[in-house]
1. Of the conditions (1) open to solvent by 10 Å² or more (accessible area, probe 1.4 Å); (2) at pLDDT 95 or above; (3) of a type in the set (S, T, N, Q), Thr139 clears all except one; give me its number.
2. Only one of (1) surrounded by fewer than 22 Cβ atoms within 10 Å (Cβ to Cβ); (2) modelled with pLDDT under 95 is not met by His147, so which one is it?
3. Among the residues of region 150-167, write down those that are open to solvent by less than 10 Å² (accessible area, probe 1.4 Å), within 14 Å of the ligand (Cβ to nearest atom) and part of a strand (DSSP E or B).
4. Which residue, of Ser197, Ser185, Ser237, is touching an Asp or Glu at 6+ places or on another chain (Cβ under 7 Å), assigned by TED's automatic domain parsing to the domain that holds Ser271, in a loop (DSSP other than H, G, I, E, B) and among the hydroxyl-bearing types (Ser, Thr, Tyr)?
5. Going residue by residue through region 262-274, is there one that turns out to be open to solvent by less than 20 Å² (accessible area, probe 1.4 Å), farther than 23 Å from Arg230 by Cβ and among the hydrophobic types (A, V, I, L, M, F, W, C)?
6. List pairs: first residue in region 270-281 and outside the structural domain of Lys243 (by TED's automatic domain parsing) and among the β-branched types (Val, Ile, Thr), second residue open to solvent by less than 20 Å² (accessible area, probe 1.4 Å) and not in a loop (DSSP other than H, G, I, E, B) anywhere in the structure, Cβ distance under 7 angstrom, at least six positions apart or on different chains.
7. Just checking: which of the helices (runs of 4 or more DSSP H) contained wholly in region 1-71 hold 3 or more residues that are surrounded by 11 or more Cβ atoms within 10 Å (Cβ to Cβ) and hydrophobic (A, V, I, L, M, F, W, C)?
8. Can you say whether Val292 is in contact (Cβ under 8 Å) with a residue 24 or more places away in the chain and open to solvent by less than 20 Å² (accessible area, probe 1.4 Å), as far as the supplied structure shows?
Amino acid sequence: MKSDIEDVARDEYYARMALRGLTPLWTVMAETVPPEPVPACKPAFWDYADDIRPALLEAADLISADEAQRRVLILNNPSLSRGATRTLLCAMQLIKKGEIAPAHRHTQSALRLVIEGDGAYTAVNGEKTYMRPGDFIVTPAWTWHDHGKDTDGSMIWLDGLDIPLVNHLGATFSEEYESPQVAESRKPDHSRARYGSGLLPLEPVATTHHSPVFSYPYEKAREALELLRREDEWDASNGLKMKYANPVTGGHVLPTISSFIQLLPKGFVGSPYRSTESTVATVVEGRGRARVGDQIYTFAPNDVFVLPNWTWASLEADEDSVIFSYSDRATLEKLGLFREQREPCRVVA
Ligand SMILES: [Fe+2]
(Lines give C-alpha, C1' and ligand atoms only; values in the text may rest on other atoms or scores of the structure.)
Protein backbone atom coordinates (compact mmCIF):
# COMPACT_ATOMS: atom_id res chain seq x y z
CA MET A 1 0.00 0.00 0.00
CA LYS A 2 1.28 3.45 -0.91
CA SER A 3 2.00 5.93 1.80
CA ASP A 4 1.07 9.60 1.64
CA ILE A 5 4.77 10.35 1.34
CA GLU A 6 5.03 8.16 -1.77
CA ASP A 7 1.96 9.89 -3.26
CA VAL A 8 3.49 13.29 -2.76
CA ALA A 9 6.82 12.13 -4.19
CA ARG A 10 5.17 10.70 -7.28
CA ASP A 11 2.97 13.75 -7.91
CA GLU A 12 6.02 15.95 -7.57
CA TYR A 13 7.91 13.70 -10.02
CA TYR A 14 5.03 13.78 -12.56
CA ALA A 15 4.91 17.59 -12.36
CA ARG A 16 8.65 17.88 -12.94
CA MET A 17 8.53 15.43 -15.85
CA ALA A 18 5.66 17.35 -17.47
CA LEU A 19 7.86 20.44 -17.51
CA ARG A 20 10.46 18.43 -19.44
CA GLY A 21 7.97 17.07 -21.97
CA LEU A 22 8.10 13.57 -20.46
CA THR A 23 5.02 11.50 -19.60
CA PRO A 24 5.28 8.29 -17.59
CA LEU A 25 3.44 5.69 -19.66
CA TRP A 26 1.94 4.02 -16.60
CA THR A 27 -0.15 7.12 -15.90
CA VAL A 28 -1.76 7.13 -19.37
CA MET A 29 -1.69 3.43 -20.29
CA ALA A 30 -5.47 2.99 -20.52
CA GLU A 31 -5.98 5.87 -22.96
CA THR A 32 -2.81 5.18 -24.96
CA VAL A 33 -3.31 1.46 -25.56
CA PRO A 34 -7.03 0.75 -24.98
CA PRO A 35 -8.18 -2.87 -25.29
CA GLU A 36 -10.29 -1.97 -28.34
CA PRO A 37 -10.83 1.11 -30.53
CA VAL A 38 -12.48 4.12 -28.99
CA PRO A 39 -14.71 5.68 -31.69
CA ALA A 40 -12.98 8.75 -33.04
CA CYS A 41 -16.23 10.65 -33.58
CA LYS A 42 -19.94 10.38 -32.98
CA PRO A 43 -22.65 9.34 -35.46
CA ALA A 44 -24.04 12.23 -37.52
CA PHE A 45 -26.86 12.78 -40.00
CA TRP A 46 -27.76 15.47 -42.55
CA ASP A 47 -31.21 15.80 -44.11
CA TYR A 48 -30.84 16.60 -47.79
CA ALA A 49 -34.31 17.96 -48.60
CA ASP A 50 -34.72 20.10 -45.48
CA ASP A 51 -31.15 21.25 -44.81
CA ILE A 52 -28.50 20.63 -47.46
CA ARG A 53 -30.46 21.45 -50.62
CA PRO A 54 -31.98 24.75 -49.43
CA ALA A 55 -28.58 25.84 -48.11
CA LEU A 56 -26.91 25.14 -51.45
CA LEU A 57 -29.62 26.99 -53.38
CA GLU A 58 -29.12 29.98 -51.10
CA ALA A 59 -25.37 29.87 -51.72
CA ALA A 60 -26.07 29.77 -55.46
CA ASP A 61 -27.54 33.28 -55.20
CA LEU A 62 -24.88 34.49 -52.78
CA ILE A 63 -21.62 33.66 -54.53
CA SER A 64 -20.45 32.49 -57.97
CA ALA A 65 -18.48 29.29 -58.48
CA ASP A 66 -15.61 31.40 -59.81
CA GLU A 67 -15.51 33.62 -56.70
CA ALA A 68 -15.80 30.65 -54.36
CA GLN A 69 -13.39 28.47 -56.39
CA ARG A 70 -15.76 25.69 -55.39
CA ARG A 71 -19.33 26.42 -54.25
CA VAL A 72 -19.14 23.76 -51.57
CA LEU A 73 -20.77 23.28 -48.19
CA ILE A 74 -18.83 21.03 -45.82
CA LEU A 75 -20.89 18.61 -43.75
CA ASN A 76 -19.30 18.97 -40.35
CA ASN A 77 -19.73 16.27 -37.76
CA PRO A 78 -20.67 18.21 -34.58
CA SER A 79 -18.26 16.05 -32.59
CA LEU A 80 -15.29 17.24 -34.71
CA SER A 81 -13.84 20.63 -35.50
CA ARG A 82 -13.79 19.78 -39.24
CA GLY A 83 -14.84 16.80 -41.35
CA ALA A 84 -17.38 14.01 -41.28
CA THR A 85 -14.97 11.59 -39.58
CA ARG A 86 -11.41 11.87 -38.29
CA THR A 87 -10.13 10.74 -41.72
CA LEU A 88 -12.78 11.78 -44.25
CA LEU A 89 -14.42 14.96 -45.36
CA CYS A 90 -17.87 15.10 -46.93
CA ALA A 91 -19.31 18.09 -48.78
CA MET A 92 -21.98 19.01 -51.29
CA GLN A 93 -21.24 21.14 -54.33
CA LEU A 94 -23.56 23.09 -56.64
CA ILE A 95 -22.73 24.38 -60.09
CA LYS A 96 -24.95 26.49 -62.35
CA LYS A 97 -25.20 26.86 -66.11
CA GLY A 98 -22.19 28.62 -67.59
CA GLU A 99 -20.03 28.24 -64.50
CA ILE A 100 -16.58 26.71 -64.25
CA ALA A 101 -15.04 25.53 -61.01
CA PRO A 102 -11.44 26.35 -61.98
CA ALA A 103 -8.77 23.71 -62.41
CA HIS A 104 -6.55 22.83 -59.49
CA ARG A 105 -4.88 19.79 -57.99
CA HIS A 106 -4.02 18.57 -54.52
CA THR A 107 -2.49 15.60 -52.80
CA GLN A 108 -5.80 14.64 -51.26
CA SER A 109 -7.83 12.06 -53.19
CA ALA A 110 -11.40 12.93 -54.09
CA LEU A 111 -14.56 11.24 -55.28
CA ARG A 112 -17.98 12.50 -56.40
CA LEU A 113 -21.39 10.93 -56.18
CA VAL A 114 -23.88 12.80 -58.35
CA ILE A 115 -26.98 13.83 -56.43
CA GLU A 116 -29.23 15.72 -58.85
CA GLY A 117 -29.22 17.50 -62.20
CA ASP A 118 -27.62 16.75 -65.51
CA GLY A 119 -25.11 18.09 -67.99
CA ALA A 120 -22.16 19.04 -65.80
CA TYR A 121 -18.77 17.51 -66.35
CA THR A 122 -15.67 16.76 -64.35
CA ALA A 123 -12.42 16.89 -66.28
CA VAL A 124 -9.45 14.92 -64.93
CA ASN A 125 -6.14 15.87 -66.54
CA GLY A 126 -8.06 17.27 -69.50
CA GLU A 127 -10.39 14.29 -70.00
CA LYS A 128 -14.06 15.10 -69.46
CA THR A 129 -16.73 12.83 -68.14
CA TYR A 130 -20.34 13.99 -68.11
CA MET A 131 -22.16 13.20 -64.91
CA ARG A 132 -25.63 11.88 -64.23
CA PRO A 133 -27.42 11.14 -60.94
CA GLY A 134 -25.89 8.18 -59.11
CA ASP A 135 -22.68 8.24 -61.14
CA PHE A 136 -19.48 7.73 -59.15
CA ILE A 137 -16.53 9.87 -60.26
CA VAL A 138 -12.91 9.52 -59.12
CA THR A 139 -10.43 12.39 -58.94
CA PRO A 140 -7.10 10.84 -57.95
CA ALA A 141 -4.54 12.76 -55.91
CA TRP A 142 -2.45 15.32 -57.77
CA THR A 143 -4.54 15.20 -60.96
CA TRP A 144 -5.71 18.49 -62.45
CA HIS A 145 -9.47 18.70 -62.23
CA ASP A 146 -12.12 21.23 -63.14
CA HIS A 147 -15.89 21.13 -63.31
CA GLY A 148 -18.22 22.95 -65.66
CA LYS A 149 -21.78 23.11 -66.90
CA ASP A 150 -22.99 24.30 -70.30
CA THR A 151 -26.62 23.22 -70.07
CA ASP A 152 -29.62 24.75 -68.27
CA GLY A 153 -30.27 24.28 -64.58
CA SER A 154 -28.09 23.52 -61.59
CA MET A 155 -26.33 20.35 -60.64
CA ILE A 156 -25.44 19.05 -57.20
CA TRP A 157 -23.00 16.35 -56.23
CA LEU A 158 -21.42 14.95 -53.09
CA ASP A 159 -17.68 15.38 -52.66
CA GLY A 160 -15.75 12.86 -50.57
CA LEU A 161 -12.10 13.45 -49.72
CA ASP A 162 -9.39 12.17 -47.40
CA ILE A 163 -8.50 15.74 -46.32
CA PRO A 164 -8.42 15.12 -42.54
CA LEU A 165 -6.17 12.07 -43.02
CA VAL A 166 -3.73 13.75 -45.39
CA ASN A 167 -3.64 16.92 -43.31
CA HIS A 168 -2.98 14.85 -40.20
CA LEU A 169 -0.07 13.18 -41.97
CA GLY A 170 1.28 16.58 -42.97
CA ALA A 171 1.35 15.68 -46.66
CA THR A 172 -0.93 18.36 -48.13
CA PHE A 173 0.14 20.18 -51.27
CA SER A 174 -2.14 22.06 -53.67
CA GLU A 175 -1.76 24.13 -56.80
CA GLU A 176 -3.95 26.31 -59.03
CA TYR A 177 -3.76 25.72 -62.78
CA GLU A 178 -2.67 28.60 -65.03
CA SER A 179 -6.14 28.87 -66.59
CA PRO A 180 -9.67 27.87 -65.48
CA GLN A 181 -9.73 24.77 -67.66
CA VAL A 182 -7.11 22.23 -68.68
CA ALA A 183 -7.05 21.84 -72.46
CA GLU A 184 -8.73 18.68 -73.71
CA SER A 185 -6.16 15.87 -73.67
CA ARG A 186 -8.43 13.01 -74.74
CA LYS A 187 -11.99 12.56 -75.94
CA PRO A 188 -14.60 12.42 -73.14
CA ASP A 189 -14.76 9.08 -71.31
CA HIS A 190 -11.62 7.74 -72.99
CA SER A 191 -10.55 6.04 -69.74
CA ARG A 192 -13.90 4.36 -69.18
CA ALA A 193 -13.89 3.01 -72.72
CA ARG A 194 -10.34 1.73 -72.39
CA TYR A 195 -10.46 0.25 -68.90
CA GLY A 196 -14.02 0.33 -67.57
CA SER A 197 -15.99 -2.21 -69.60
CA GLY A 198 -14.46 -5.49 -68.43
CA LEU A 199 -11.83 -5.03 -71.14
CA LEU A 200 -8.19 -3.99 -70.92
CA PRO A 201 -5.73 -2.92 -73.62
CA LEU A 202 -3.43 -5.67 -74.96
CA GLU A 203 -0.30 -3.73 -74.10
CA PRO A 204 0.82 -3.81 -70.43
CA VAL A 205 -1.13 -1.41 -68.23
CA ALA A 206 0.93 0.54 -65.73
CA THR A 207 -0.16 -0.05 -62.15
CA THR A 208 -0.86 3.19 -60.35
CA HIS A 209 -2.08 4.07 -56.87
CA HIS A 210 -5.55 4.68 -58.26
CA SER A 211 -8.02 3.28 -60.76
CA PRO A 212 -7.43 4.29 -64.40
CA VAL A 213 -11.22 4.70 -64.67
CA PHE A 214 -12.58 8.10 -63.64
CA SER A 215 -16.30 7.41 -64.11
CA TYR A 216 -18.45 4.52 -62.92
CA PRO A 217 -21.97 5.08 -64.32
CA TYR A 218 -24.85 4.37 -61.99
CA GLU A 219 -26.82 2.40 -64.55
CA LYS A 220 -24.07 -0.23 -64.74
CA ALA A 221 -23.78 -0.54 -60.96
CA ARG A 222 -27.56 -0.69 -60.60
CA GLU A 223 -27.82 -3.36 -63.28
CA ALA A 224 -25.19 -5.49 -61.51
CA LEU A 225 -27.03 -5.22 -58.21
CA GLU A 226 -30.31 -6.08 -59.87
CA LEU A 227 -28.84 -9.15 -61.57
CA LEU A 228 -27.20 -10.33 -58.34
CA ARG A 229 -30.35 -10.01 -56.28
CA ARG A 230 -31.83 -12.91 -58.24
CA GLU A 231 -29.37 -15.22 -56.54
CA ASP A 232 -30.86 -14.35 -53.20
CA GLU A 233 -27.54 -14.42 -51.32
CA TRP A 234 -27.77 -11.55 -48.89
CA ASP A 235 -25.24 -10.67 -46.27
CA ALA A 236 -27.07 -10.55 -42.95
CA SER A 237 -25.61 -7.15 -42.13
CA ASN A 238 -24.81 -5.46 -45.43
CA GLY A 239 -27.39 -6.83 -47.85
CA LEU A 240 -25.84 -6.93 -51.29
CA LYS A 241 -22.74 -4.76 -50.97
CA MET A 242 -20.07 -4.40 -53.67
CA LYS A 243 -16.92 -2.32 -53.80
CA TYR A 244 -15.95 -0.09 -56.69
CA ALA A 245 -12.75 -1.64 -58.03
CA ASN A 246 -9.61 -0.72 -59.90
CA PRO A 247 -10.00 -3.00 -62.95
CA VAL A 248 -6.25 -3.49 -63.27
CA THR A 249 -5.48 -4.58 -59.71
CA GLY A 250 -8.88 -5.55 -58.30
CA GLY A 251 -8.11 -3.22 -55.41
CA HIS A 252 -9.89 -0.13 -54.22
CA VAL A 253 -10.24 2.79 -56.61
CA LEU A 254 -8.18 5.17 -54.48
CA PRO A 255 -5.19 4.42 -52.25
CA THR A 256 -6.79 5.83 -49.12
CA ILE A 257 -10.54 5.65 -49.73
CA SER A 258 -12.77 2.66 -50.44
CA SER A 259 -16.13 3.14 -52.15
CA PHE A 260 -19.15 0.89 -52.11
CA ILE A 261 -22.64 0.49 -53.50
CA GLN A 262 -25.19 -1.69 -51.76
CA LEU A 263 -28.73 -2.82 -52.29
CA LEU A 264 -31.08 -3.43 -49.40
CA PRO A 265 -34.31 -5.11 -50.50
CA LYS A 266 -37.65 -3.88 -49.20
CA GLY A 267 -38.18 -5.24 -45.70
CA PHE A 268 -34.46 -5.87 -45.07
CA VAL A 269 -33.49 -5.69 -41.40
CA GLY A 270 -29.71 -5.88 -41.10
CA SER A 271 -27.99 -7.48 -38.14
CA PRO A 272 -25.57 -5.25 -36.19
CA TYR A 273 -22.09 -4.85 -37.62
CA ARG A 274 -19.04 -2.79 -36.81
CA SER A 275 -15.53 -2.45 -38.15
CA THR A 276 -12.46 -0.31 -37.68
CA GLU A 277 -13.34 1.74 -40.76
CA SER A 278 -15.03 5.13 -40.58
CA THR A 279 -17.78 5.43 -43.18
CA VAL A 280 -19.83 8.17 -44.82
CA ALA A 281 -23.02 6.95 -46.49
CA THR A 282 -25.59 8.58 -48.74
CA VAL A 283 -28.90 7.27 -49.98
CA VAL A 284 -29.22 6.93 -53.75
CA GLU A 285 -32.67 5.33 -53.69
CA GLY A 286 -35.18 4.27 -51.11
CA ARG A 287 -36.21 4.89 -47.54
CA GLY A 288 -35.50 3.21 -44.25
CA ARG A 289 -33.58 3.55 -41.04
CA ALA A 290 -29.98 3.50 -39.93
CA ARG A 291 -29.34 2.53 -36.33
CA VAL A 292 -25.89 3.88 -35.49
CA GLY A 293 -24.67 3.64 -31.91
CA ASP A 294 -27.47 5.06 -29.79
CA GLN A 295 -28.97 7.01 -32.70
CA ILE A 296 -31.82 6.04 -35.05
CA TYR A 297 -31.88 7.96 -38.34
CA THR A 298 -34.81 7.80 -40.76
CA PHE A 299 -33.31 8.14 -44.20
CA ALA A 300 -34.67 9.28 -47.57
CA PRO A 301 -32.92 9.88 -50.91
CA ASN A 302 -29.70 11.94 -50.73
CA ASP A 303 -29.55 12.08 -46.94
CA VAL A 304 -26.05 11.58 -45.55
CA PHE A 305 -24.99 9.81 -42.38
CA VAL A 306 -21.76 8.82 -40.63
CA LEU A 307 -20.96 5.37 -39.27
CA PRO A 308 -18.00 5.91 -36.93
CA ASN A 309 -15.30 3.31 -36.44
CA TRP A 310 -16.02 0.45 -34.03
CA THR A 311 -19.63 1.53 -33.50
CA TRP A 312 -22.46 -0.98 -33.86
CA ALA A 313 -24.75 -0.09 -36.75
CA SER A 314 -27.55 -1.74 -38.68
CA LEU A 315 -29.66 -0.76 -41.68
CA GLU A 316 -33.34 -1.34 -42.36
CA ALA A 317 -35.18 -0.73 -45.64
CA ASP A 318 -38.86 0.15 -45.95
CA GLU A 319 -38.52 -0.01 -49.74
CA ASP A 320 -35.79 -1.19 -52.10
CA SER A 321 -32.87 1.03 -51.12
CA VAL A 322 -29.48 1.71 -52.66
CA ILE A 323 -26.75 3.14 -50.44
CA PHE A 324 -23.47 4.60 -51.67
CA SER A 325 -20.72 4.79 -49.09
CA TYR A 326 -17.03 5.52 -48.78
CA SER A 327 -14.63 4.73 -45.98
CA ASP A 328 -10.97 4.67 -44.96
CA ARG A 329 -10.90 0.87 -45.30
CA ALA A 330 -8.35 1.08 -48.14
CA THR A 331 -5.93 2.76 -45.74
CA LEU A 332 -6.63 0.36 -42.89
CA GLU A 333 -6.17 -2.72 -45.07
CA LYS A 334 -2.77 -1.51 -46.25
CA LEU A 335 -1.71 -1.03 -42.64
CA GLY A 336 -3.11 -4.38 -41.48
CA LEU A 337 -5.57 -2.57 -39.23
CA PHE A 338 -8.91 -3.54 -40.72
CA ARG A 339 -11.07 -5.65 -38.45
CA GLU A 340 -14.80 -6.29 -38.47
CA GLN A 341 -17.21 -7.79 -36.02
CA ARG A 342 -20.70 -9.14 -36.41
CA GLU A 343 -23.11 -10.18 -33.78
CA PRO A 344 -22.70 -12.55 -32.06
CA CYS A 345 -19.19 -11.28 -31.33
CA ARG A 346 -17.19 -13.09 -34.01
CA VAL A 347 -14.02 -11.20 -34.92
CA VAL A 348 -12.66 -11.60 -38.45
CA ALA A 349 -9.15 -10.23 -38.76
FE1 LIG B 1 -10.31 19.67 -55.84
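The values are calculated or read from the model by the stated rules, or taken from the named source; none is laboratory data. All values derive from a computational prediction rather than experimental measurement. Don't worry about glycine lacking a Cβ; one is built from the backbone with ideal geometry, like all the others, and counts go over all protein chains shown. Ligands, DNA and RNA are excluded from the accessible area calculation, which covers all protein heavy atoms including side chains. Shrake-Rupley method; radii C 1.70, N 1.55, O 1.52, S 1.80 Å.
1. If we test Thr139 against (1) open to solvent by 10 Å² or more (accessible area, probe 1.4 Å); (2) at pLDDT 95 or above; (3) of a type in the set (S, T, N, Q), just (1) comes out false.
2. (1)
3. The initial filter retains those residues of region 150-167 that are open to solvent by less than 10 Å² (accessible area, probe 1.4 Å), namely 155-160, 162.
The next check asks that each one be within 14 Å of the ligand (Cβ to nearest atom); those that pass are 157-160, 162.
Hits for region 150-167 are Trp157, Leu158, Asp159, Gly160.
4. Values: Ser197 fails: touching an Asp or Glu at 6+ places or on another chain (Cβ under 7 Å); Ser237 fails: touching an Asp or Glu at 6+ places or on another chain (Cβ under 7 Å).
Ser185 is the lone residue from the list that is touching an Asp or Glu at 6+ places or on another chain (Cβ under 7 Å), assigned by TED's automatic domain parsing to the domain that holds Ser271, in a loop (DSSP other than H, G, I, E, B) and among the hydroxyl-bearing types (Ser, Thr, Tyr).
5. Among the residues of region 262-274, not one is open to solvent by less than 20 Å² (accessible area, probe 1.4 Å), farther than 23 Å from Arg230 by Cβ and among the hydrophobic types (A, V, I, L, M, F, W, C), which makes the answer no.
6. Within 7 Å, no pair qualifies.
7. Where helices (runs of 4 or more DSSP H) fall fully within region 1-71 and carry at least 3 residues being surrounded by 11 or more Cβ atoms within 10 Å (Cβ to Cβ) and hydrophobic (A, V, I, L, M, F, W, C), they are 4-19, 53-62.
8. It is true that Val292 is in contact (Cβ under 8 Å) with a residue 24 or more places away in the chain and open to solvent by less than 20 Å² (accessible area, probe 1.4 Å).
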